[in-house]
């Protein structure tokens, strides 16, 4: 609960306050060709979208490009959008799918090894007193997350790093909420084992058990 | 009988097992468990040291995730909208000329398919059995011989097989005037083809083009 209070509200929850225009209204106007209305939607969601994409790709410029492509696709598919549903999950579905597609293609081409972002050092923010420990931990977490199969990693990132609710994640990845909960539990258990292993807290027998367990079971 | 009795025995409400607890502990670690499930889980934990150990471990790993979430990626401050807006404008200016080009191949293929379907359906048979020459009486014609003249049928008339194809076990050609040939093939209706069991559906019916006068 404390954790929820610490985080900033995400766009799905940050509904417009009095006087501002709702997403549905902006979408309707954008559908009629009003680019300014679409611009309002972009500015409403871009930071959040880039933040989510950055959890997957790390490179800021790449994340901006992917976000831009996401909005372009959303604009082109506005006529396919069901106005009875929320715009946010629909937009994030496009963005997450686009990002995962990009990563799959990069992995297939073998670029991951050559141009891995893992060596990219982010310059510390001077506003934070001493961010090195936190950055180290964040990089450690990233490395562990990379070892988790995509379908679990995606749910874990969206829930535990980006604080989407399980129902929102269900809408984003287009699965039932029960499936998302199962994947979330599986993802956390896998992360816990890998985290212990990385911290050197797992004994030899447990490490072996973990390695055999790594094969991606395709439940649900 | 013992098997049946076992089946009929009422099921006992069993306590949570460790596999179920493992799933629910993971949800609990991220505050994703209902109150009822949480109470049952606590009861299980009270009597299961292994699950208590797993719980401690899950809390440690969740703490790491929580800290990583709080660090968060550094999102850029500048908006992508200006660049996006110019891209949208560029696309819209291209769209009017690009759209027909995009649809043209699709329309062309659709038109070609329609034409093929129309032609493959064929036209009604143009020939009727001549009077006094019933199908039963007709014998196999020799290849190359011109059959007796057939009166031209109206498209609305019933379809009958030309005499030259009756009992056509050796692919005796059908005599077709030039005027009705299409691409060197006789326009064949489905009914007509069904009378030629020796021909596979994709095989053309052999034809010998003849002049109208031959009929």
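One chain, two ends: residue A:178 and residue A:31. Fully extended at 0.36 nm per residue, the span grows by 49.6 nm beyond their Cα-Cα distance. Once the cut-off is 13 Å, how many percent of the Cα-Cα pairs in segment B:16-83 end up in the long-distance tail? In whole percent, the share of Cα-Cα pairs in segment B:16-83 beyond 13 Å is 69.
On the beta carbon distance between residue B:103 and residue A:146, with R0 = 35 Å, the FRET formula returns roughly 0.20.
No lab work stands behind these numbers, since they all come straight from the coordinates. As the structure is a prediction and not an experimental result, all values here were calculated from the model. Here Cβ is always computed from backbone atoms with ideal geometry, including for glycine, and neighbour counts include all displayed protein chains.
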